[in-house]
Amino acid sequence: MFDTKKKSKYAVIKWAMSTQRVFRTHIPSPTNYTMKCVETGCPGKVHGHVPKYHIHWVVTDVFPHNYVRKNLLVNHPNLTSTLIAQLMYT
Ligand SMILES: [Zn+2]
């Protein structure tokens, strides 16, 4: 559970970086988000939202990737200066 959407998405991005995956946000809205794997044909995705009558963000659906990476990412597109600042701040 996370108190903000931003912290929820940062947790997903940290997980994506630790597993050498890249996600993009789809269907952004004030109350939910879906982050999908950028690899063509991969069903990997994560959905987060605030349940009705709740105040915290939760991740409710996690679909696994269907492939194994054969090489390491040199640059990670999800790693932004804002995320680095947030991680160092916390
Ligand atoms: Zn994937």
| request: Kindly establish whether I84 is more than 10 Å from the ligand (Cβ to nearest atom), within 16 Å of the chain's Cα centre (by Cα) and not basic (K, R). | output: yes
| Is region 78-90 home to any residue that is more than 20 Å from K5 (Cβ to Cβ) and of a type in the set (S, T, N, Q)? | no
| Would it be correct to say that R69 is charged (D, E, K, R), within 12 Å of the chain's Cα centre (by Cα) and assigned to a loop (DSSP other than H, G, I, E, B)? | no
| query | In this structure, is V22 out of contact with any Phe, Trp or Tyr (no Cβ under 9 Å at 6 or more places or on another chain) and surrounded by 14 or more Cβ atoms within 10 Å (Cβ to Cβ)? | reply | yes
| query | Which one of the conditions (1) surrounded by 15 or more Cβ atoms within 10 Å (Cβ to Cβ); (2) hydrophobic (A, V, I, L, M, F, W, C); (3) within 16 Å of the ligand (Cβ to nearest atom) does V38 fail to meet, given that it meets all the rest? | reply | (1)
| message | Here's a check for you: in region 38-62, which residue that is part of a loop (DSSP other than H, G, I, E, B) and touching an Asp or Glu at 6+ places or on another chain (Cβ under 8 Å) is farthest from S8 (Cα to Cα)? | response | I55
| remark: Y33 passes all but one of the listed conditions (1) out of contact with any Gly (no Cβ under 7 Å at 6 or more places or on another chain); (2) touching a residue at least 24 places away in the same chain (Cβ under 8 Å); (3) outside any loop (DSSP other than H, G, I, E, B); the exception is number (1)
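Every read-out reported here was derived from the displayed coordinates using simple, explicitly stated rules and does not represent laboratory data. Model, not experiment: these values are computed from the prediction. As a convention, Cβ positions derive from the backbone with ideal geometry for all residues, glycine included, and neighbour counts pool all protein chains shown.
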